[in-house]
Amino acid sequence: TMPGWAVETLHEDYAQALRIATLLYDSETEHQRLRVFRNPTFGRILTLDDVVQTTEGDEFIYHEMMSHVPILAHGAARRVLIIGGGDGGMARETLRHASVEHVTMVEIDAGVVEFSKTYLPSLSAGAFDDPRLNLVIADGAEFVRRDRESLGGGFDVIIVDSTDPIGPGEVLFTDTFYGRAKALLNEGGILVTQNGVPFMQGPELTNTMRAFKALFRDWTCYLATIPTYAGGPMAMGWGTDGDARNVGLDELTARFERAGLETRYYTPEVHKAAFALPRYVQSLM
Ligand code: AG3
């Protein structure tokens, strides 16, 4: 053990340690151990079961890339479903799109939402008060069993902002879950998932891509490098029966400007480039 450091042992042979300048919160919720501490480089850091979920310093990369890529690629997304995302960062970025009329966010752990509002207010930045947001405290795997009629319609974009496939998040990586999520997509809808860092968590990507291959006409992953998800770029799974992946740079640029988004990582060029996959990643899918 390293006193004064938060040691993450998500991987068998590799650990990362973050210095705890101030411990702000440490408790067990109904579902997981939740901790928040401050680190001078990354700001406040949220861990669940000792795995880094988000940090004030680098969360923008993850949240911008998981929301703006599918929403701008879709081009007319009105209804978005977020599975997980209790800290509110994904809802915040999604609701930046004036064209998005409705967001349903399904989080299993009310403790994470309540706690994030207090200890990580910059993550949600008011998103929980947006009248377009419908927050549901439920198991995402159960929620997707519902039919679209009972949900007021299908969704144009579904974002799975989960933990890693250990603990409560495990069911969000199954073929059954992906199939049910797909059934809730409108025509041309896009499913985007958090698939870990391929260099460190190869089987996770392989498993999701195998499932997507069977479900979607267009399936792949795209990449973004998030410093505290150590080990190289993270993979975001992408599945759709539409053509959104082929939207050209000029059109994406026009949509981005029309949306008037102020971003810190996302640009239309980064969007296009994120789909360029190194050979070792291709080999996992
Ligand atoms: N959800 C993704 C956590 C992934 C951590 N995994 C890892 N280091 N491989 C984060 C929730 C942010 N809203």
request  = Run down Ala91, Ala73, Ala77, Ala127 and say which single residue is under 23 Å from Arg258 (Cβ atoms) and touching a Lys or Arg at 6+ places or on another chain (Cβ under 6 Å).
outcome  = Ala127
ask   = Just checking, which of Met65, Met105 is modelled with pLDDT of 95 or more, out of contact with any Asp or Glu (no Cβ under 6 Å at 6 or more places or on another chain) and farther than 20 Å from Val136 by Cα?
value = Met65
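Scanning for something under 21 Å from Val100 (Cβ atoms), at pLDDT 95 or above and not aromatic (Phe, Trp, Tyr), does the stretch 167-182 turn up at least one residue?
Taking the stretch 167-182 as the starting set, the residues that turn out to be under 21 Å from Val100 (Cβ atoms) are 181-182.
This time we only want the ones that are at pLDDT 95 or above, so: 181-182.
With the extra rule that they be not aromatic (Phe, Trp, Tyr), the set shrinks to 181-182.
Taking every residue of the stretch 167-182 in turn, at least one turns out to be under 21 Å from Val100 (Cβ atoms), at pLDDT 95 or above and not aromatic (Phe, Trp, Tyr).
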Residue that is assigned to a loop (DSSP other than H, G, I, E, B), under 29 Å from Glu204 (Cβ atoms), hydrophobic (A, V, I, L, M, F, W, C) and away from the ligand (no atom under 16 Å from the Cβ), where the choices are Ala73, Ala77 = Ala77
message = Can you tell me which residue is nearest to the ligand (Cβ to nearest atom) among those in the stretch 1-13 that are over 22 Å from the mean Cα position of the chain (by Cα) and surrounded by 12 or more Cβ atoms within 10 Å (Cβ to Cβ)?
response = Ala6
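Of the residues Ile137, Ile159, only one is of a type in the set (A, V, I, L, M, F, W, C), surrounded by fewer than 18 Cβ atoms within 10 Å (Cβ to Cβ) and in contact with a strand residue (DSSP E or B) (Cβ under 9 Å, 6 or more places away or on another chain); which?
From the options Ile137, Ile159, the qualifying one is Ile137.
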ask   = What do you reckon, is Leu223 surrounded by fewer than 24 Cβ atoms within 10 Å (Cβ to Cβ), in a strand (DSSP E or B) and not aromatic (Phe, Trp, Tyr)?
value = yes
request  = Please indicate, with yes or no, whether at least one residue in the stretch 47-58 is among the hydrophobic types (A, V, I, L, M, F, W, C) and under 22 Å from Leu252 (Cα atoms).
outcome  = no
ask   = Out of the stretch 80-102, which residues are away from the ligand (no atom under 14 Å from the Cβ) and part of a strand (DSSP E or B)?
value = Val80, Leu81, His102
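Hey, among Glu204, Glu187, Glu170, which residue is out of contact with any His (no Cβ under 8 Å at 6 or more places or on another chain), surrounded by 15 or more Cβ atoms within 10 Å (Cβ to Cβ) and in the same structural domain as Asp147 (by TED's automatic domain parsing)? Working first, answer last.
Details: Glu187 fails: surrounded by 15 or more Cβ atoms within 10 Å (Cβ to Cβ); Glu170 fails: surrounded by 15 or more Cβ atoms within 10 Å (Cβ to Cβ).
Among Glu204, Glu187, Glu170, only Glu204 is out of contact with any His (no Cβ under 8 Å at 6 or more places or on another chain), surrounded by 15 or more Cβ atoms within 10 Å (Cβ to Cβ) and in the same structural domain as Asp147 (by TED's automatic domain parsing).
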inquiry  = Restricting to the stretch 114-127, and then to whatever is crowded, with 19+ Cβ neighbours inside 10 Å and not hydroxyl-bearing (Ser, Thr, Tyr), can you tell me which residue is nearest to the ligand (Cβ to nearest atom)?
reply    = Leu123
request  = Answer yes if at least one residue in the stretch 256-270 is assigned by TED's automatic domain parsing to the domain that holds Phe199, surrounded by 19 or more Cβ atoms within 10 Å (Cβ to Cβ) and either modelled with pLDDT under 95 or within 16 Å of the ligand (Cβ to nearest atom) (or both), and no otherwise.
outcome  = yes
request  = Give the stretch 32-79 a look and list any residue that's in contact with a helix residue (DSSP H, G or I) (Cβ under 9 Å, 6 or more places away or on another chain) and within 17 Å of Lys117 (Cβ to Cβ), or say none.
outcome  = Leu34, Val36, Gly43, Arg44, Leu46, Leu48, Gln53, Thr54, Glu56, Glu59, His63
message = Restricting to the stretch 14-70, give me the number of residues that are closer than 28 Å to Leu81 by Cβ and either within 12 Å of the ligand (Cβ to nearest atom) or not in a strand (DSSP E or B) (or both).
response = 29
ask   = What are the residues in the stretch 83-111 that are surrounded by fewer than 22 Cβ atoms within 10 Å (Cβ to Cβ) and closer than 10 Å to Leu123 by Cα, if any?
value = none
note = If you go through Asp250, Asp218, the only one that is within 23 Å of Leu184 (Cα to Cα), away from the ligand (no atom under 16 Å from the Cβ) and in the same structural domain as Met90 (by TED's automatic domain parsing) is Asp218
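The values are calculated or read from the model by the stated rules, or taken from the named source; none is laboratory data. Source: prediction; values computed, not measured. Virtual Cβ from ideal backbone geometry, glycine too; neighbours counted across all protein chains shown.
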